[in-house]
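Before any comments, here is the structure.
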Amino acid sequence: MSWTSALLSPPKLREVGSLSLLLLCSYLAWSQYRQRRELQLELAKQRREAERQTKLRDEERKGRIRAEKELRQSPAATAGPEGVVQGSEATESFEFHPIGSFQSCYRQRCGTPRQSNLVKSSLAVLRCVKDLNPEAALEGLAEFSHVWVLYVFHENTNTLRQPKSLARRVQQQGRVPLWQGLCMKVAPPRCPELRVGVLACRTPHRPNPVGLSLAKVVEVKASEGLVVLSGLDVIDGTPCLDLKPYLPSFESLPDSSVPQWVQRSYDEPMMEVAWSPSASQDLAALGVGALRLPTGAETGSL
């Protein structure tokens, strides 16, 4: 018998096959072990990196909070307009930046509704600043029907005079209260015989000239940074500080009450505004186009 015949005999072939199968199984087991080990090492590496990033963010947040506290407590932060130093009653100040400004159909204060939703068909467009990243910030806003709008009464006449008057008084008297010179009692609309505190009414001349109005969401163009609202009582160019969705389940309170003078203002009928045919023709001649021209008397907010 030759050596090839002995090698190819059935017993030898079974031994060679068993050995080959054993080697193959060992290789596959080693490969799986190596893959699992590499995966475990990679997961451990990613876990350490995530923990490091979390620690860095925590340290950055703590440092930012500490720096903000130190800044608010510094002498420069407690100085008011023209170097007026605040007392212990008001030691913190905050800086806000508008998220955009409104393009409104109301060009001046005279003629602007005193409350929102008195003229429901009026439109205002909020143009968000690019720094806001409006496409991300406005995502999901279109799903709400109404929003609260926080804005600045930027054309208050007293805000232009206040820094000069404060500077003049501080030179003569030293420290003066923050809002000295601001009238804290006003006459509400339609109640000329009454005087109430500025915090008991909605006058724009407030300690902090911030307005709050409820408006209907007409359209949201997040990619362009535009929000179209209706029923808003702001003038053209008003800076917007924030938008907050209106939640009727929490913010609609049918059992709430108001003073009698407010109720009298509710009950007093609105003035009627009638468009004459010639006025409608003049508006049409100006190319109003899609604007609906009322044909009869309509209730306005004058």
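Exactly one residue out of L199, L232, L253 is farther than 25 Å from Y106 by Cα, part of a loop (DSSP other than H, G, I, E, B) and hydrophobic (A, V, I, L, M, F, W, C): that is L253. Please identify the pairs in which a residue from segment 244-265 that is of a type in the set (F, W, Y) has its Cβ atom under 6 Å from the Cβ atom of a residue that is in a helix (DSSP H, G or I) and open to solvent by less than 100 Å² (accessible area, probe 1.4 Å), counting only partners at least 6 apart or on another chain. Close Cβ pairs satisfying both conditions: none exist. Which one is farthest from H146 (Cα to Cα), of the residues in segment 205-217 that are out of contact with any helix residue (DSSP H, G or I) (no Cβ under 9 Å at 6 or more places or on another chain) and either basic (K, R) or surrounded by fewer than 17 Cβ atoms within 10 Å (Cβ to Cβ) (or both)? Out of the qualifying residues, it is N208. Scanning segment 248-273 for residues that are of a type in the set (S, T, Y) and open to solvent by less than 100 Å² (accessible area, probe 1.4 Å) returns S252, S256, S265. When segment 230-275 is filtered for residues that are small (G, A, S) and more than 18 Å from the chain's Cα centre (by Cα), the ones remaining, listed by number, are G231, S249, S252, S256, S257, S265, A274. Close Cβ contacts (under 6 Å, 6 or more residues apart or on different chains) running from residues in segment 176-205 that are more than 16 Å from E268 (Cβ to Cβ) to residues that are in a loop (DSSP other than H, G, I, E, B) and among the basic types (K, R) comprise K185/R195; V198/R206.
The values are calculated or read from the model by the stated rules, or taken from the named source; none is laboratory data. It should be emphasised that the depicted structure is a prediction, and the values quoted were computed from it without experimental measurement. All Cβ positions, even for glycine, are placed from backbone atoms using ideal geometry, and neighbour counts span all protein chains on display. Ligands, DNA and RNA are excluded from the accessible area calculation, which covers all protein heavy atoms including side chains. Shrake-Rupley method; radii C 1.70, N 1.55, O 1.52, S 1.80 Å.
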